[in-house]
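Rule-based calculations on the coordinates, nothing more; no lab input. The structure displayed is predicted, hence computed values, not measured ones. Cβ coordinates were reconstructed from backbone atoms using ideal geometry, including for glycine residues, and neighbour counts include every protein chain displayed.
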Amino acid sequence: MVSEGRGVVLAGTGGRYRVLAEDREVMATLRGRLKLGRDHVVVGDTVTVAQHSDESWTIEHAHPRRTVLRRRQPGRTHGERIVAANVDDVVVVGAAARPPWDPHLMDRFIAVGEANGLPVILVINKRDLVDDPEPLAAPYRKAGYQVELTSVPDRRGLEQLAAVLEGRVSFLTGPTGVGKSSLLNALQPGLKLRTGEVGRRGGRHTTVAAELHRFGSHGLIADTPGLRDIGLWGLEPAEVARAFPELARFAAGCRFYNCRHAGEPSCAVVEAADRDDISWSRLISYRTLLEEARAAARPWE
Ligand SMILES: Nc1nc2c(ncn2[C@@H]2O[C@H](COP(=O)(O)OP(=O)(O)O)[C@@H](O)[C@H]2O)c(=O)[nH]1
Ligand SMILES: [Mg+2]
Ligand SMILES: [Zn+2]
């Protein structure tokens, strides 16, 4: 062995991993023992890499993870897969228009971050296409989320978003066409991600691996095609409850301890929505996701 150092896995496919070690990127393969088990090294893992006399690199050891981003097939308790490690925040991007703002779809993406116990930041991009994006942001600000308003052509809000992401490991997710790749290209000169691609036919079940890019001076960011098909994320009923923290704050006041906030008497959550303390739109998303999770949890019915 010539040298050994610490690195972070930026990408990996077919047993070959791109690792950021010190300040350079190297291609490394897994050392024997690490090859066992498919979740052993994922994007975002911190690893020890070794360079050998023939110039080749190996990943010797993976370090404990601070956080994980998991995805699960709906209705299955097995088949869980770790998509990434050491993620600091999930950045859910939507467009103010083109495609039209869809709050329930946003809530699905937000729920994935929340179910993984990760902080969620919301970005409403293409603000140049609407007069006032604030009504779209309001339910989320009220729920306690940080919301950033951006537009790529006139660079509004980009500096502020860059400041939020600096020094962190962030996963960008959201529907296709909202401008995720365009935002990253605008934030990080030299990145040159492809933009404006329409969803390929038959692409629904192809999982494209997440890939981290260097961002700012100390950050890493992933534009995550692998998270695109949010319909494939299975949430458990208990996770859905956790995914709407602002509803949970009121739920203790419901008459029934297991209230689903779907029409039961003396429901403090519905009362809060009627007072506009929480948004009806969020409550409707919660009901939909909870019904889906419950149906998936009992597939025999
Ligand atoms: N008007 C406007 N168009 C944008 C903005 N951001 C991206 N676009 C356009 O939206 C389309 C989709 O962008 P892309 O970055 O590929 O979206 P992605 O699928 O989320 O990665 C492209 O044609 C972009 O030029 C924006 O802030 N304002
Ligand atoms: Mg893209
Ligand atoms: Zn209730």
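For Glu4 and Arg255 in the same chain, what is the full-extension length gain: residue separation times 0.36 nm, less their Cα-Cα distance, in nm?
Value of the extension gain: 84.4 nm.
Skipping prolines and chain starts, which residues have an amide H placed within reach, meaning under 5 Å, of the one on Glu148, given they are 5 or more residues away or on another chain?
Amide H neighbours of Glu148: Leu122, Val123, Ile124.
In straight Cα distance, which aspartates and glutamates are under 15 Å from Lys142, not counting same-chain residues fewer than 8 positions off?
Candidates past the 8-residue exclusion: Asp107, Glu134, Glu246, Asp274, Asp276, Asp277.
For the range 62-68, what does the Karplus curve 6.51 cos²θ - 1.76 cosθ + 1.60, with θ = phi - 60°, yield as ³J(HN,Hα) per residue in whole Hz, taken in order and with x for Gly and Pro?
10, 8, x, 8, 6, 9, 9
Given the Cα-Cα distance of Trp280 and Lys142 and 0.36 nm per residue of separation, how much length would full extension add, in nm?
Here the segment from Trp280 to Lys142 would lengthen by 48.5 nm.
Return the unpartnered cysteines for the chain, using a Cβ-Cβ cut-off of under 4.7 Å.
Taking the Cβ cut-off of 4.7 Å, the unpaired cysteines of the chain are Cys267.
Taking the Cβ of Met1 as the centre, find all other residues whose Cβ is under 14 Å away and add up their charges (Lys, Arg: +1; Asp, Glu: -1).
Charge balance in the 14 Å sphere: -3.
Can you tally the net charge around Val49? Count Lys and Arg as +1, Asp and Glu as -1, for every other residue whose Cβ sits under 12 Å from the Cβ of Val49.
Summing Lys/Arg as +1 and Asp/Glu as -1 gives -1.
If exposed means no more than 16 neighbouring beta carbons inside 10 Å and the site is in a DSSP loop, what's the longest run of the chain without any exposed trypsin sites (Lys or Arg not before Pro)?
77-154
Return the FRET efficiency for the residue pair Thr29, Ser217: r is the Cβ-Cβ distance, R0 is 30 Å, and the value is rounded to the nearest 0.05.
0.55
Sum -39500 (n - 2.57) across every DSSP H segment of at least 4 residues in the chain, then divide by the residue count to get the 222 nm mean residue ellipticity, nearest 500.
-7500 deg cm²/dmol
For the range 47-154, calculate the relative contact order in percent as a whole number, restricting contacts to Cα pairs under 8 Å that are 6 or more residues apart.
Answer for the range 47-154 is 20 percent.
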